[in-house]
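Asker: Below: one structure in structure tokens.
Read the figures in this text as sums done on the coordinates, not as results from a lab. Here the structure is a predicted model, which is why all the values come from computation and not from measurement. When we count neighbours, we look across all protein chains shown, and the Cβ atoms used for this are built from the backbone with ideal geometry, even at glycine.
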Amino acid sequence: MNDKKYKWLLYLIVTTILLTVVVQCYWNYKNYLLNKQNFINQVQVSLDNALDTYYADLAESNEMAIWDVDTLSFDEHSSHIKSDSIFLNIKKDYKGIIKEDISGFTQLTDSNSGFTFKKGNNHISTVKVIKGKKATDSLKLIKGITSIFISIKNDTLDFTKLSPVLDSELERKQLDIVYTLEHYKNDSVFNTFNSENSSPNFLKASSKSTFLKENERLEINYSNATNIILKQGLGSILISTLLVLAVISCLFYLLKIIQKQKQLAEVKNDLISNITHEFKTPIATIGVALEGINSFNVIDDKEKTKKYVNMSSNQLSKLNLMVEKLLETATLDSETLELNKEALNIASLLNTLVSRFKIQHQNKNFISKIQDDSLIINVDPFHFENALNNILDNAVKYGGDEITAQLFSKSNSVEIQISDNGNSLTKDNKNRIFEKFYRIPKGNTHDVKGFGIGLYYTKTIIEKHNGSVILDLNNKFTTFKISIPNG
């Protein structure tokens, strides 16, 4: 995949993620508004139910019965009162309301008793007032009793009685809110409840109860309970969030795979270029030697023949070594690699390797610091030596002029540090230096031989020994730290 296609794919993935987030946020916002409206409706229903229950209880508690107890003779007790004049005065007071002649009336002298004045019989009856629905219902069961049942409707709302009923309705619907009540008559506030808790940010709802008169209105003002509304829609919010995270995770995973494939393609191209370059040199050398033998009659010259044969043999050895490295790398990725561990004096091995590199690279300054010459670890000698050799070879190829090998003994492990004062590695290279076939990019320059598998081989072998290897770029030194268990 070329860079242009990769950029377009990256833009497409980012756009998809942004659109997914925007759509889910919009959907959650619409869901919030729907839950908010549902919340408002629940509060209004609770208010209506509470008001209906309040007026029903009020009607029952205010119901009364007027019961004729006995009859008194009018002539004996009220001979001085002219009955016609009394009824005429009452009729005059209610002129226009009462169309028929008055035959009698009842007068309550206090809350519990009174009398009934009947014109036709010309007598007064004392009456008893019984209040409450339970008592009046009991009175209805008694035969032979004349009674009048009256239900009184109040013009004012008793908020001390209405509030507990409303609290019970809100609790039943699990609505924990702070509220105020306002009773309006002719669009003017007639009475309020909990007005000290009022706030300009409160939501409002008006009761639709049929018990209210046409000119009356009861409003409830309550806090904008965002927490309660969000709690009601918590399930859908969580599902939406999980869906968004799943989509984003999949897209990022896809992008990571594509990026990795792109890197592998680059590594493959670099590997092919390196192999081509590495193989061409010995092949060309062998070809020149064979051509010299065939074309210039050097067979009769034993010295030249020997020289060309040795040259060809050396180049074939290099070809064989490179092929073995590639095959060795393939073996590392499989489970067929078996380590033949045995006790090894690590100090002796490290000194041997440093001495060998001193002889081969006399232009470099090698320093060896061994804390304990008798350190023994249980490793595969062949693979472990190759692992250390690769790090030293890497320091020679890419490092500075001073290379230091140190050996430390710790409580549960042995630590080997190989440092150089070179600065060819950067933090960008640090995270990829142990990748298979990775080499520090230098364009088309091939001044340093290799396939980029040495450090990958080292890391794999160290990890198969249950150890670890890290790269440290601090203090102007490039340091490889290898830790191997000493148990």
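Asker: Fully extended, how many nm does the chain gain between residue 473 and residue 159 (0.36 nm per residue separation, minus their Cα-Cα distance)? Display every interim value, and only then the final one.
Answerer: Details: separation 314, 0.36 × 314 = 113.04 nm, distance 7.76 nm.
Residue separation times 0.36 nm, minus the Cα-Cα distance, leaves 105.3 nm.
Asker: Please give the contour-minus-distance gain from residue 167 to residue 45: 0.36 nm per residue of separation, less the Cα-Cα distance, rounded to one decimal in nm. Each step should come with its number before you reach the end.
Answerer: Working: separation 122, 0.36 × 122 = 43.92 nm, distance 1.26 nm.
Difference between extended and current length: 42.7 nm.
Asker: In nm, give the distance between the simple-model label positions of residue 345 and residue 310, each being 7 Å from the Cα along the Cα-to-Cβ direction.
Answerer: Label at residue 345, label at residue 310, 3.5 nm between them.
Asker: What pairs in 318/481; 4/459; 30/262; 260/341 have C-alpha atoms more than 32 Å from each other? Show your work: numbers first, answer last.
Answerer: Working: 318/481 30 Å; 4/459 34 Å; 30/262 42 Å; 260/341 35 Å.
Beyond 32 Å between Cα atoms: 4/459; 30/262; 260/341.
Asker: Provide the percentage of antiparallel DSSP beta bridges, counting only those with both residues in the range 361-426; round to the nearest 5. Intermediate values should be presented prior to the final figure.
Answerer: Details: 7 of 13 bridges.
The antiparallel fraction comes to roughly 55 percent.
Asker: Can you figure out the FRET efficiency of residue 9 with residue 280, using R₀ = 35 Å and their beta-carbon distance, to the nearest 0.05? The partial results should precede the final answer.
Answerer: Values: r = 36 Å, r/R0 = 1.02.
According to the calculation, E is roughly 0.45.
Asker: For labels at residue 22 and residue 408 in the simple 7 Å Cα→Cβ model, what's the distance in nm?
Answerer: Distance between label points: 5.5 nm.
Asker: To continue, here is another question. Under the rule of at least 5 residues apart or a separate chain, name every residue whose amide H is placed under 5 Å from the amide H of residue 368.
Answerer: Residues meeting the criterion, in which the H sits 1.01 Å from N, are 405.
Asker: Collect residues whose amide H, placed 1.01 Å from N in the peptide plane, falls under 5 Å from the amide H of residue 414; neighbours closer than 5 in sequence don't count.
Answerer: Excluding prolines and chain starts, which carry no amide H, the hits are 484, 486.
Asker: Starting with the highest mean, order 427-435, 163-171, 395-403 by the number of other Cβ atoms within 10 Å, averaged over the residues of each peptide. Could the numbers behind the result be given before it?
Answerer: Values: 427-435: 13.6, 163-171: 16.1, 395-403: 18.4.
Highest mean packing first, the order is 395-403, 163-171, 427-435.
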